[in-house]
1. Restricting the stretch 116-140 to residues that are assigned to a loop (DSSP other than H, G, I, E, B) and in contact with a helix residue (DSSP H, G or I) (Cβ under 8 Å, 6 or more places away or on another chain), which is surrounded by the most Cβ atoms within 10 Å (Cβ to Cβ)?
2. Given the conditions (1) within 18 Å of residue 126 (Cα to Cα); (2) out of contact with any helix residue (DSSP H, G or I) (no Cβ under 7 Å at 6 or more places or on another chain), and given that residue 112 satisfies all but one, which numbered condition is not satisfied?
3. Of all residues in the stretch 1-47 being in a helix (DSSP H, G or I) and of a type in the set (Phe, Trp, Tyr), which is modelled with the lowest pLDDT?
4. For the stretch 40-58, give me each residue that is surrounded by fewer than 17 Cβ atoms within 10 Å (Cβ to Cβ), acidic (Asp, Glu) and over 16 Å from the mean Cα position of the chain (by Cα).
5. Name the one entry in 137, 143, 125, 114 that is modelled with pLDDT under 95 and basic (Lys, Arg).
6. Being surrounded by 20 or more Cβ atoms within 10 Å (Cβ to Cβ), at pLDDT 95 or above and closer than 24 Å to residue 148 by Cβ, is that true of even one residue in the stretch 88-97?
7. Residue under question is residue 83, and the condition is that it be over 24 Å from residue 140 (Cβ atoms), surrounded by 13 or more Cβ atoms within 10 Å (Cβ to Cβ) and either modelled with pLDDT of 95 or more or not aliphatic (A, V, I, L, M) (or both); does it hold?
Amino acid sequence: MKAQILTTIIFLESLSIFTCNFIIKSDDFTDGSRLQKRFTPLGQDVNPSLKWENPPEGTKSFALICEDPDCPIGLFTHWAVKNIHKDKREIGNGEKVGYEIRNSWGLKRYKGPRPPSGTHRYYFRLYALSVDNLEARNIKELRKEINEYKIGETSIMGKFSSVRQLAKKRKGW
């Protein structure tokens, strides 16, 4: 009986059914909370700090994408970074790591939230990869390579409201 249970556990582990507790967090915001103005073009426009732990075994590099799924024109990328070293476990405010891919603004850097209306969600998705380096030259190629080499994924989401929405809140509307 014990041998059968052990065999089942080994089989389930080989199918990656068990989670590895790969998590991302920030000292600047909690999952689902409001992003501070300093992380937007209305402030310093620097990226929030990010920290992660427990990447899957076999991780050889990381990639990071920050995107807004609520943009009226479709999924909008604010930041895309590839080839983050496997030993890296945090990114400080404004820190450059890895190789940045052009975002939806056409810039090779972080460009923070400034939604045209309403409140938008901004997902910071970190991918653990089974290769040292990705060759992607644009966001489409980056997504394709991430899907090919991804062995783990974690995310944290922050929200930010449009200037008009913030003004309404201040006036009590």
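1. It comes out as 134.
2. Every condition holds for residue 112 apart from (2).
3. Step one: list which residues in the stretch 1-47 are in a helix (DSSP H, G or I), which gives 2-14, 37-39.
Next cut, of a type in the set (Phe, Trp, Tyr) only: 11, 39.
Numbers: 11: 49, 39: 97.
Among them, the one singled out is 11.
4. Scanning the stretch 40-58 gives a single hit, 57.
5. Numbers: 137 fails: modelled with pLDDT under 95; 143 fails: modelled with pLDDT under 95; 125 fails: modelled with pLDDT under 95.
It is 114.
6. Initially, the stretch 88-97 is screened for residues surrounded by 20 or more Cβ atoms within 10 Å (Cβ to Cβ), giving 91.
Subsequent filtering for residues that are at pLDDT 95 or above retains 91.
Filter again for closer than 24 Å to residue 148 by Cβ, leaving 91.
Checked the stretch 88-97: at least one residue is surrounded by 20 or more Cβ atoms within 10 Å (Cβ to Cβ), at pLDDT 95 or above and closer than 24 Å to residue 148 by Cβ.
7. Judged against the criteria, residue 83 is not a match.
Matching residues to (1) under 18 Å from residue 155 (Cβ atoms); (2) touching a residue at least 24 places away in the same chain (Cβ under 8 Å):
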| residue | (1), (2) |
| --- | --- |
| 40 | no, yes |
| 69 | yes, yes |
| 80 | yes, yes |
| 95 | no, yes |
| 99 | no, no |
| 124 | yes, yes |
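The values are calculated or read from the model by the stated rules, or taken from the named source; none is laboratory data. All values reported here derive from a predicted model rather than from experimental measurement. Glycine also receives a Cβ, built like all others from the backbone with ideal geometry; neighbour counts cover every protein chain displayed.
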